[in-house]
Every structure is written in structure tokens, then in C-alpha cells.
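See structure below.
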Amino acid sequence: MGDYMLLLRLNEKSRISKTQQLIGQIRKKIEEQVLRPGESLPSTRKLATKLGLHRSTVALAYQELWSLGFVDLVPGATARVRSRRKIAARVDRSMQGIVNWKTVSSTAGNDIYEKYLHYPQYSGGKNTNIDFNRLTVDPRLFPKEQFRSCLNQVMKKQGAELLGYGDPVGYPPLREHLARNLQQHGIAVDADEILITNGSQQGIDLIFRMVAAPGKSIAFESPTYSGMLPLLRFSGLKALEIPVCPDGMNLAILEDHLRRDSPALIYTMPNFQNPTGASTSQAHREKLLALSEQYRIPILEDGFEEEMKYFGKVVLPVKSMDKHHLVIYCGTYSKVIFPGIRIGWIVAERECIQRLTAIKRFSELSSSMVLQAAMHQFCKNGYYDRHISRMHRVFRKRMQTALTALHDHILPEWAEWTEPSGGYLIWLRLKPFSAIAPDWSRLFDAYGVSVSCGTDFFFSEGSDAYFRLSIATLNEKEIEEGVLRLSKLLQHIYGQNRK
Ligand SMILES: Cc1ncc(COP(=O)(O)O)c(C=O)c1O
């Protein structure tokens, strides 16, 4: 201690306070090891006299240096430089850390990591292939200016209130609005039977978490929504795969499982099932609900594309017939408008909603009220209804284009496919071929087209003869060009010329 005191110089004219100058200069000397660990600092009185400062200014600076971890302060003793760990400013990313994350992770954590590490990532629009892969609404159709005006409107009106934590059950006016809107789909509920979620993905996750326990199982259509499978694996629920026939899941096999295994839930997508695009009939829905009633096993109905009934064949959701509160219904804005605002909802009996809210509350405290309020304003201004009409117009044409192009360019000897009554998905099954099974993703890239492989949608090993085509992000021209590319690819595989 001593000499460096002479080197502390405070600038009288600086806009930085004396305390901050002092802190900065002492800190620099510690970092540059001019002052070494263990070395004592001058007393507050001595340093204050030396620098012509008030003693409390020096005391304040020492206090702050203590809170930053640069000095130790012991009452009645001099302040000493602390041996402090250096900030790991530039971590060498090529060096392996010393934690074994595999042992830190649970078995379920490791399983999900190993299985889904290479799950298709959003390419950020860099993929130049014609993309039949993504099930995301074409962003070119987003009414983004209208949404921006709604954001401005709600921020002006309620900004501070919306920027705080909100009720985890959701923004009340949006819940009221959803309760009214669900009536169009035959679902009559009050707002307190609705929980707003961060997309329906969170809805499914919360429901699985509510029911998961060792030995419990879930019955679901096979193939099914691929994003549900990691949640299933992570929750440790046993999988009961029920084959999907052209008219929905095989109810005889389902009943067998309900009787023998008593699953916690039946997960189903009655409309435009992901991945097959198939929709179930009224009769199938009634039988499914009757089984659920008979065995008292709830249904988790995923109405992810409820709004996309653009061919006009309207079969109401199973929830619309549910007198005994057996159906937990999940909905979402993602498949018809902006997936990025992450707004979905669960509709269920009050007690079930309260239980799910309790889980949601502690996993995220609150969802974004700003976005929920803006979406509510968007609906209130009439923009949502206008957007839905446009989506119906646009996708009626796009789906017709896709089905016509498939009919015109894909030979029946090569493949067969489903003809959906709405939504975005077509499920294609290749007929057997003599060549060795190719590396599909490489082949698709070579032909400039992206398609989802059917195996992604099966819990157990699935047949590799299936492919899912999504037209959600493509316009008519792109759909036609994509089908032509597929046709060339299949021509290559089957070694045939077109008719
Ligand atoms: C069948 C199904 N359910 C749920 C979701 C989840 O959608 P989100 O969380 O965006 O509402 C998806 C997304 O692709 C889906 O296909």
C-alpha cells in the first residue's frame, strides 16, 4: 500500500462522479495486479485526506468494490484486495467442459436429446427447395400491417398494464372472445373453461404433465403428429398406437386397449389429421365419444386446423357433443394466422382448467399479455374474420391445384395419396419398387424439393413408404413446380416414362 495512492487522480471537471472515478481507478489497479490479493487499501480517512474528498465518498467506493467482489471489508480492519476469479471473457469453445451432461441429464432428458438432436430446424428461409415439409402458414399471407396497428392500439390504451405479468390463465377479453368464437364450431363454453397457452404445443405438454405417472399410457392415432412424440417420451407415458384407417383411428383396436390398458387419455385429431390429412365422419366421432363415456377415459381433441374447412364439409368437433366434460379440446391460431405470437387454448371442464393453470403458472408465471391483447384487438376490428375468408379462398384453390397436379403428373403405378377435405396435408404412399431404398433426403435435395418422411410420424418403426406433403407455405405456381419435381424424382426411381 502507499505509492499507488499518489497515482490516483480524480478529474474535477469530469461528468463521472468522484465515487465512480475512484471505483474505476482502484478496480483497474486490482485487475492489472498493481494491487495484489491480500494487500490492504488505505483507510477511508487517509485516502479521503489525500484526495481531498469527503470520507463518506471513499467509504461508498469501498462498499461498491466489496459488492463487486474486488475487496474484503471486515469491520474495524483495513480493506484488503480480494483474490477474485477472473471473468471468463473468451471461453475457448473448442475445449470440452468438465461437466458430463449425460450423467447430469435424466434418462428422459438423454432420450429426447439423442432422438431429436437432428429434428428438422427452421431453415430461416435459406432452403431453396420447394418446401412441402413445413406446416406453417405462408408468411406472404400474414396481415402484418393490420396486426401492427392493433399492437399500437393496445399499447397506447393499456401499455403499462400489458407490460406487467398477466394472469397465467390468459387475457380475460381474449378468453371471452374465444368462448364466443367457439360457438361457431358448436362448442358452448364459458370463458372460465378456457386456458390460453403458448400455442397448442404447450397445451399438449401441460395435459401430458398433468396425467403422467409411472405405468400410465396414452392411446393415439398411428401415424400421429410428430411434435407430440417427444412430449410423450419425455413424460414417460406408455404409447398405445392405434392404426389410422381412411375414416380415422381403428375403434375396435382402441376399445381393446381401453378395456385392457385403461389409458389416461385418447389423443386424436378428427380434422385433417396430421400427417394423413384424413377427417373422421360424424358417425366415427359419435362412436369415439361413446367409447370414451363407456370407459370414462378423457379424449384430448387436437383441433389444430379447425378453421381450415374451406371445402365446406363441416363436421363439428367431438367437443361439440360432449355432455359429460370428457373432452379436453386444444385450439391454436398458429395454423391459420401467426404462429409466432404463440397463442393457443385449452377448453375443458373448469376443474381441469384450474389444474392445468396451476402447472402452467409455475412453469412460466405468465404468457405475453401484449400479444394476447393485440390478437384480441385484431379479432375485434374484424381483421380475423376477413383473414379467414381469404385463407379459405386461397387454400381452396391451392389444394385443388395440388390434387390436380398430383393426378396429372404422378402415375398410379408409383403412388397413391389422400384427398383431404381441408387443411394443408396430403399423405402419399409409394407403391413397391425394385431398386434399393434411396437416401431420401439426398434425393429430394437433388431434385430441389423437400418432403417429410413418413417414419417421423410413427412412435415405433414406421413404414418408409409414406411421405407427407404440406402445401401450407406454397402458392399455386410453387405447388405445380414442386409436384413436377416430385414426378421427375419418381420417374427416376420407377424407371418409367410418363404417360
Ligand atoms: C397436430 C398439431 N398439434 C399441435 C401443433 C402445435 O402448434 P402450435 O403450438 O404452434 O399451436 C402442431 C404444429 O404443427 C400440430 O401439427
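Does anyone have the angle between helix 144-162 and the longest principal axis of the chain? Alpha-carbon axes, 0 to 90°, nearest 10?
50 degrees
I want to check the label-to-label distance for Glu351 and Ser40. Put each point 7 Å from Cα in the C-beta direction and report it in nm to one decimal.
So the label points at Glu351 and Ser40 sit 7.1 nm apart.
I need the Debye-formula profile for the stretch 45-181: one equal scatterer per C-alpha, no solvent, reported as log10 I(q)/I(0) at q = 0.09, 0.11, 0.18, 0.21 1/Å, two decimals.
Debye curve over Cα of the stretch 45-181, log10 I(q)/I(0) at q = 0.09, 0.11, 0.18, 0.21 Å⁻¹: -0.83, -0.98, -1.13, -1.24.
Which one, Asn274, Leu316, Ser43, is farthest towards the positive end of the dipole of the chain when Lys and Arg carry +1 and Asp and Glu -1 on their Cβ?
It is Ser43.
For Arg85 and Lys13, what is the calculated FRET efficiency with R₀ set at 25 Å and r taken between the beta-carbons, to the nearest 0.05?
Values: r = 36 Å, r/R0 = 1.43.
For Arg85 and Lys13, the calculated efficiency is 0.10.
Within a 10 angstrom radius of the beta carbon, how do Ser149, Ser441 rank from fewest other beta carbons to most? Could the numbers behind the result be given before it?
Details: Ser149 15, Ser441 12.
Starting with the residue having the fewest Cβ neighbours, the order is Ser441, Ser149.
Assigning unit charges at the beta carbon (Lys, Arg +1; Asp, Glu -1) and nothing else, what dipole magnitude in debye, to the nearest 20, does the chain show about its Cα centre?
2740 debye
Sequence-distant or interchain residues sharing an amide H contact under 5 Å with Cys245, placed H: which?
When sequence neighbours closer than 5 places are left aside, the close amide H contacts are Asn250.
Mind checking the full-extension length gain between Thr404 and Trp66? Use 0.36 nm per residue of separation minus the Cα-Cα distance, one decimal, nm. Don't jump to the answer; show the numbers that get you there.
On the way: separation 338, 0.36 × 338 = 121.68 nm, distance 7.43 nm.
So the chain would gain 114.2 nm between Thr404 and Trp66.
Identify the GluC sites (Glu not before Pro) of the stretch 416-499 meeting these criteria: DSSP loop state and at most 16 other C-beta atoms within 10 Å of the C-beta. Mind dumping the intermediate values first?
Working: sites: Glu416, Glu461, Glu476, Glu478, Glu480, Glu481; in loops: Glu461.
Of the GluC sites (Glu not before Pro), the ones in loops of the stretch 416-499 whose Cβ has at most 16 other Cβ atoms within 10 Å are Glu461.
Within 10 Å of each residue's Cβ, count the other Cβ atoms and sort His324, His284, His118 from fewest upward.
Details: His324 11, His284 19, His118 7.
Fewest to most other Cβ atoms nearby, the residues stand as His118, His324, His284.
So, counting K/R as plus one and D/E as minus one, what does the shell of residues with Cβ under 14 Å around Glu461 add up to? Can you show the working numbers first?
Details: positive: Lys115; negative: Glu241, Asp456, Asp464.
With Lys, Arg at +1 and Asp, Glu at -1, the net is -2.
Taking 25 °C and 0.890 mPa s as the conditions, I'd like the Stokes-Einstein D for the stretch 348-499 in µm²/s, using the Kirkwood hydrodynamic radius from alpha carbon pairs.
Values: Rh = 18.8 Å.
Answer from the Stokes-Einstein relation: 131 µm²/s.
Quote the relative contact order of the stretch 196-311 in percent (integer), defining contacts as alpha-carbon pairs under 8 Å separated by 6+ residues. Walk me through the intermediate numbers first.
Details: 157 pairs, mean separation 28.8, N = 116.
Here the relative contact order equals 25 percent.
Among the lysines, select those whose C-alpha is under 18 Å from the C-alpha of Lys431, and discard any that sit fewer than 8 residues away in the same chain.
List returned: Lys488, Lys499.
Roughly what would the spin-label model give for Asp464 and Ser434, points 7 Å off Cα along C-beta, in nm?
Roughly 2.0 nm, to one decimal.
Among Lys216/Lys287; Lys144/Lys397; Lys156/Lys319; Lys380/Lys477; Lys102/Lys238; Lys144/Lys309, which pairs are too far apart, with a Cα-Cα distance over 29 Å? Before the final figure, lay out the partial values.
Working: Lys216/Lys287 24 Å; Lys144/Lys397 23 Å; Lys156/Lys319 38 Å; Lys380/Lys477 34 Å; Lys102/Lys238 23 Å; Lys144/Lys309 23 Å.
Pairs exceeding 29 Å: Lys156/Lys319; Lys380/Lys477.
If I model a spin label as a point 7 Å beyond the Cα along the Cα-Cβ vector, how far apart are those points for Glu286 and Met95 in nm?
Roughly 7.1 nm, to one decimal.
Suppose we keep just the DSSP beta bridges with both residues in the chain; what percent of those would be antiparallel, to 5?
Details: 23 of 41 bridges.
Antiparallel bridges make up about 55 percent of those DSSP assigns within the chain.
For the chain, what is the relative contact order in percent, using Cα pairs closer than 8 Å and at least 6 residues apart in sequence?
18 percent
What value, in deg cm²/dmol to 500, does the helix sum -39500 (n - 2.57) over DSSP H runs of n ≥ 4 give at 222 nm once divided by the residues of the chain? All intermediate terms of the calculation are to be shown ahead of the outcome.
Numbers: 17 runs with 210 residues, N = 499.
So the helix-based figure for the chain works out to -13000 deg cm²/dmol.
Name the long-range amide H neighbours of Ala415: under 5 Å, sequence gap of 5 or more, or other chain; modelled H, no Pro or chain starts.
HN-HN under 5 Å from Ala415: Lys431.
Please report, in debye to the nearest 20, how large the charge dipole of the stretch 398-483 is about its Cα centre when each Lys and Arg carries +1 at its beta carbon and each Asp and Glu carries -1 there.
Values: 6 positive and 13 negative charges, 20 e Å.
That gives the stretch 398-483 a dipole magnitude of about 100 debye.
Give the cross-link partners of Lys50 among the aspartates and glutamates, using a straight C-alpha distance below 13 Å as the criterion and excluding same-chain residues fewer than 8 apart.
Asp3
For the stretch 374-383, in order, what is each residue's ³J(HN,Hα) by Karplus, 6.51 cos²θ - 1.76 cosθ + 1.60 with θ = phi - 60°, in whole Hz (x at glycine and Pro)?
With the stated coefficients, the stretch 374-383 comes to 5, 5, 4, 4, 4, 5, 4, 6, x, 5 Hz.
Report the per residue volume, in Å³, of the convex hull enclosing the C-alpha atoms of the chain. Provide the component values of the computation, followed by the final result.
On the way: hull volume 114.0 nm³, N = 499.
Looking at the chain, the number lands at 228 Å³ per residue.
Apply the Kirkwood formula to the stretch 195-272: the hydrodynamic radius equals the inverse of the mean of 1/r over all pairs of different alpha-carbon atoms; give it in Å with one decimal. Kindly include the intermediate steps, with their values, before the conclusion.
Values: mean 1/r = 0.0771 Å⁻¹.
About 13.0 Å for the stretch 195-272.
Order these by the 10 Å Cβ neighbour count, fewest first: Ser222, Ser292.
Result, fewest neighbours first: Ser222, Ser292.
Every number in this text was worked out from the coordinates using simple rules, so none of it is lab data. The structure presented is a predicted model; accordingly, all values stated were derived computationally and were not measured. Neighbour counts are summed over all protein chains in view; Cβ atoms, including those assigned to glycine, are modelled from backbone coordinates with ideal geometry.
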